[in-house]
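The values are calculated or read from the model by the stated rules, or taken from the named source; none is laboratory data. Just so we're clear, the structure is a prediction, and the values are computed from it rather than from any experiment. Every residue, glycine as well, gets a Cβ built from its backbone with ideal geometry; the counts of neighbours run over all protein chains shown.
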Amino acid sequence: MMGRTQVSWTTACSSVSWTTLWSNFADGTIHDNADRGAIHDTRILFAGSKGFIGMELQAIREIVARHRHRPGAMLPILHEIQQVGGHLPATAIAIIAEALNVSRAEVYGVITFYADFRTEPPGRSIIQVCRGEACQAKGGCELEEHAKRSLGIDFHQTTTDDAVTLEPVFCLGNCACSPSVRVGDEVHGRVDATRFDELVAEAKASSGVGP
């Protein structure tokens, strides 16, 4: 399947030592031995070069400063950074870790634990297909396959025109109208392949992308 996707943490770390990785995280660059050669920039791990558009370091620092003294501050900080910038860029990890006096590994662990956090910029429209049991019992698995096939991408990937990001979601609370799909903030029930294609076309039209 074609599409933009992030490199997995496991894949990246198989070619870069943990000491090298973390010691160079603060400035956004991994300086690796030439014979390793696979990863040279933490932006590859998280967001690609596009991930820094519109997400200034000052904005991240302001968000962190606003929440840092709250009990359990990390989640509010991560949520607001993603809300503002669409994703969590690699540069945010060092800033959050320093402000909260935790390790960068702890921050990354929280980001990867929660499925709603993303580490690369999404497409103009985010389409989520419910993978709860009720939806799967009513054709959700077939809908998933159609979504991937019609968009030419897998879950957690974005179409090459940056129009649509496809994500799984585990229960939209719309079980009586399974299978369900969420486009942006709007939930749609009883979605079949034809209706899915219509929702994609509507999403692209609303974001100014052609069919």
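Which of the residues spanning segment 67-84 are free of Cβ contacts under 8 Å to residues at least 12 places away in the same chain and in a helix (DSSP H, G or I)? If the condition is that a residue be free of Cβ contacts under 8 Å to residues at least 12 places away in the same chain and in a helix (DSSP H, G or I), then Pro76, His79, Gln83 are the ones that fit. For first residues located in segment 161-173 and free of Cβ contacts under 8 Å to residues at least 12 places away in the same chain and assigned by TED's automatic domain parsing to the domain that holds Lys148, partners that are among the hydroxyl-bearing types (Ser, Thr, Tyr) and part of a strand (DSSP E or B) and lie 6+ apart or on another chain with Cβ distances below 9 Å do not occur. Residues that are closer than 11 Å to Ile60 by Cβ and charged (D, E, K, R) within segment 73-106 comprise just one, Glu80.
Here Glu98 clears all of (1) farther than 19 Å from Gln82 by Cα; (2) modelled with pLDDT of 95 or more; (3) surrounded by fewer than 17 Cβ atoms within 10 Å (Cβ to Cβ) except the condition numbered (1).
Scan segment 150-160 and tell me whether some residue there is part of a helix (DSSP H, G or I) and under 21 Å from the mean Cα position of the chain (by Cα). Yes, the conditions are met somewhere in segment 150-160. Within segment 101-143, the only residue that satisfies the criterion of being in a helix (DSSP H, G or I), surrounded by 18 or more Cβ atoms within 10 Å (Cβ to Cβ) and of a type in the set (Ser, Thr, Tyr) is Tyr108.
Pairs please, first residue from segment 86-110 and free of Cβ contacts under 8 Å to residues at least 12 places away in the same chain, second anywhere and hydroxyl-bearing (Ser, Thr, Tyr), Cβ atoms under 7 Å, 6+ apart in sequence or on different chains. From residues that are free of Cβ contacts under 8 Å to residues at least 12 places away in the same chain, the pairs are Ala97/Ser103.
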